[in-house]
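In what follows, a structure is listed as structure tokens, so that the remarks can point back to it.
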Amino acid sequence: MIVVVASDKQWNELTATRPHVEWQRAEHAEDFDQYKNADAFFCLLADAISTDLGFLKKPVFINSVIATLSELNLPPHVFRINGWAGFLQRPVWEIAGLANEGADLILQSLQIKASFVKDEPGFISARVIAMIINEAYFALEDEVSSKAEIDTAMKLGTNYPLGPFEWALQIGVENVSALLQKLSSTDSRYKPSQLLLKEAAEKK
């Protein structure tokens with residue numbers, strides 16, 4: 001049994017293609033202590049990460065694209081994953097944390113191939129996608145073309161499943177903005193477009 005705290009969209013992405021698993025949805029991470037027999041836990045809402053997870057002994061997977069495990073000071077049975085829209089249904093997940101048999105068994109039961117990566121903000125794919133989106137916003141600022149035309153050009157030219165603005169809409173431009181601001185604090189290459197920042201601020 002796997003207990004999950006998630007939005008409706010996250011819940012559907014995680015469970016829809018994995019009907020063989022016994023899923024249990026919880027309202028809050030504080031409710032996890034009610035599920036003594038659970039084999040693993042998923043905290044996919046941002047505010048769930050603030051909950052003390054030390055009392056759990058089974059693997060816990062948290063949606064924390066930006067904050068690292070070391071920053072959050074979490075115990076070794078907690079793993080970071082990318083819970084942004086579109087990522088939970090993928091067959092390969094980037095995971096930050098110390099691999100162990102318990103986590104491996106859970107991921108195998110979910111038919112997920114784990115790619116363990118460094119405990120860094122943005123993992124790998126989210127960093128790359130955020131940079132692509134940022135460059136598209138810079139192009140829009142320079143009046144190179146429209147959002148729709150840039151999306152079409154990128155899909156046709158690179159065979160991406162989504163254009164950069166479609167990605168931003170799916171992921172949430174505020175999430176992209178937050179990641180870029182975090183990364184740009186130590187690397188100027190990630191400095192976000194002013195237009196992207198403006199759109200993200202309007203979402204708040």
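The values are calculated or read from the model by the stated rules, or taken from the named source; none is laboratory data. Here the structure is a predicted model, which means the values were calculated and not measured. Note: ideal-geometry Cβ built from the backbone for every residue, glycine included; neighbour counts use all protein chains shown.
Tabulated data for the structure shown
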read-out	value
Lone qualifier among 80, 90 - being surrounded by fewer than 22 Cβ atoms within 10 Å (Cβ to Cβ) and within 21 Å of residue 172 (Cα to Cα)	90
Criterion: β-branched (Val, Ile, Thr), within 21 Å of the chain's Cα centre (by Cα) and in the same structural domain as residue 62 (by TED's automatic domain parsing) - qualifying residue of 95, 171, 133	95
Residue ID - farthest from the chain's Cα centre (by Cα), chosen from residues in region 29-56 that are within 26 Å of residue 170 (Cβ to Cβ) and surrounded by fewer than 20 Cβ atoms within 10 Å (Cβ to Cβ)	50
Test: residue 66 is assigned to a helix (DSSP H, G or I), at pLDDT 90 or above and either surrounded by 15 or more Cβ atoms within 10 Å (Cβ to Cβ) or touching a strand residue (DSSP E or B) at 6+ places or on another chain (Cβ under 9 Å) (or both)	no
Strands (runs of 3 or more DSSP E) lying entirely in region 1-51 (those with 3 or more residues that are free of Cβ contacts under 8 Å to residues at least 24 places away in the same chain and assigned by TED's automatic domain parsing to the domain that holds residue 82)	23-25
Residue within region 95-116 that is among the β-branched types (Val, Ile, Thr), in a loop (DSSP other than H, G, I, E, B) and within 22 Å of residue 184 (Cβ to Cβ) present	no
Any hit, region 122-131, residues being assigned to a loop (DSSP other than H, G, I, E, B) and at pLDDT below 95	no
